[in-house]
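Shown next, in structure tokens, is the structure this report addresses.
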Amino acid sequence: MTETIVDALRAELGAEVVFGNDIPARYHNDWAGMSPVLPLALVRPRSTQQVAATMRICNAFKVPVTPQGGMTGLAGGARPIKGGVALSLDRMNGIEEVDTVMATMTVQAGVPLSTAQKAAEDAGLFLGLDLGARDSCLIGGNLSTNAGGNRVIRYGMAREHVLGLEVVLPDGTVVTSLNKMLKNNAGYDLKQLFIGSEGTLGIITRAVLRLQARPAMLASAFCGCPDFPSLLELLKSARQQMGSALTSFEVMWPSFYDFMTQGLPNLRRAFNEPHGAYVLIESGGRDATENEALLQDVLSSALEAGFVTDAVLPSSERETRDLWAVRESVSEYGKLMGPLTAFDVGLPTSAAGKVADAIEAAMTDRWPDAIALSYGHIGDSNLHVVCHIPSAGQDQPHKEITELVFGFIAAEGGTISAEHGIGLLKKPYLGLSRTPEELALMARIKHAIDPNFILNTGKVF
């Protein structure tokens, strides 16, 4: 049968499919850090029709297919299966239309996020979705994982940016629903089945994205707060005074801020004195002068009330980039640490401070040399924790660390995944965040759409 499917894929797809050792290493794994896997075949289609042909063939032979985007996921969702087919959307990278009247953009799934952002900007509009991996991640992957990022507090998760989709089902059926209207209640909103389903129900091939008015200016400020309760008061004040102008509220605990700025000499510390918590605030508005004045008013009142101990307002684009470089230095972990156990969790915002402190304390109590770094998009209840045990070397106690961290999250009624999906790594713990009834319904949907269980087999469930 293996020879037969090889022949069928080669006959149908020609140069768009390669096999065995001819598959480049980048398609063997994603950023989750698991051991790489060499799949049977790699398909890099150039059209929806080629995606559909691939699925028809693989469904007929019951061979699993792993959809792949920019490979920037941290849960193992794009890691291929031995004996299966990896299907990368990276050649389907065209921007088909920017409609300035409807304020929409129609793109293929393989368009990098930064390319879509630039196209919106060139048209005088704005794509509110933004991630640190913007130059590498692809739109299809963003949507299939319902990515979050830096501006969720203002613009929402990835699903909030989608009006229509084109999807290929496991049997090769193409469902085209490239809706461009804000109001369309004609039956079930089918796109929501596929957004966030991590490629287990269908492969997103094209999307209609909702665009926004472009802010005349994005102003940033970096704040040092005495402690986490003060930080929460700053968040409440910023929401009340700034309203929809508040686009980001990024928090760094001293563990993260000190470790990264001390370890990476290219990062500039904003303050000489240490603080209990650090916050990056970003605001966006139609009037640049008014927008900056609004941010200054927020900081003035916070300084007067004691919520903020010190603050920096950059005076140039370069200074702004320097401030954000600390928050976005997460891609540099490899230069400072060995293998990581990384977490993307959600919590009630008021509980994030005590949970982060408890996790860091529990880590060093269990492993005295532990490195535990906390940071996140706390304005939208998303906390990131990264752990490394230097004395363990390559044999990191991932399972023990995971159970420790998820224990705190479950106790607070949080979620084990805020924006990176479940994939392989979080699959054993999904029951901590979903009820048995929810899991049963998810399984029924999967079985109805993919009865042969060939699409992203073994992920999520």
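Which parts of region 46-73 would a label at residue 37 reach, counting a residue when its backbone N lies under 12 Å from a point 7 Å out along Cα-to-Cβ? Output list for this probe position: 64-67.
Temperature 4 °C, viscosity 1.567 mPa s: under these conditions the Stokes-Einstein estimate for region 216-343, based on its Kirkwood radius over C-alpha pairs, is 85 µm² per second.
Leaving out same-chain residues fewer than 8 places away, which lysines sit with a Cα under 23 Å from that of residue 118? Reachable lysines: 180. Only bridges with both residues in region 5-88 count here: give the DSSP antiparallel percent, nearest 5. Here the share of antiparallel DSSP bridges comes out near 30 percent.
Annotation: per residue accessible area for region 325-461 equals 43 Å², rounded to a whole number [probe 1.4 Å, protein chains only]. Taken over the alpha carbons of region 338-437 as equal point scatterers, the Debye sum produces base-10 log I(q)/I(0) values at 0.10, 0.14, 0.16 Å⁻¹ of -0.25, -0.49, -0.64.
Each residue was assigned an accessible area with a 1.4 Å probe, and for residue 434 the value is about 110 Å².
Its DSSP H runs of at least 4 residues, each contributing -39,500 (n - 2.57), put the calculated 222 nm mean residue ellipticity of the chain at -10000 deg cm²/dmol, to the nearest 500.
Dimensions of region 95-213 along the principal axes, based on C-alpha atoms and rounded to the nearest Å, stand at 38, 29, 26, largest first. Between residue 190 and residue 25, the distance separating the two model label sites (each 7 Å from Cα on the Cα→Cβ line) works out to 4.2 nm. In terms of overall dimensions, the chain has a Cα radius of gyration and Dmax of 22.6, 74 angstrom. Measure up 62/446; 191/427; 62/82; 426/446; 82/459 against 21 Å on the Cα-Cα distance and list the ones that go over. From the list (62/446; 191/427; 62/82; 426/446; 82/459), the Cα-Cα distance tops 21 Å for 191/427. For region 95-213, the solvent-accessible area with a 1.4 angstrom probe is 39 square angstrom per residue.
Scattering from region 5-88 was approximated by placing one identical point on each alpha carbon and applying the Debye formula without solvent; log10 I(q)/I(0) at 0.13, 0.17 1/Å stands at -0.36, -0.61. Modelled label positions at residue 61 and residue 183, each set 7 Å beyond Cα in the direction of Cβ, lie 5.1 nm from each other.
The values are calculated or read from the model by the stated rules, or taken from the named source; none is laboratory data. Remember, it's a predicted structure, so these values are computed and weren't measured experimentally. Heads up, the Cβs are rebuilt from the backbone with ideal geometry, glycines too, and the neighbour counts pull from every protein chain shown. For accessibility, only protein heavy atoms count, side chains too; no ligands or nucleic acids. Shrake-Rupley method; radii C 1.70, N 1.55, O 1.52, S 1.80 Å.
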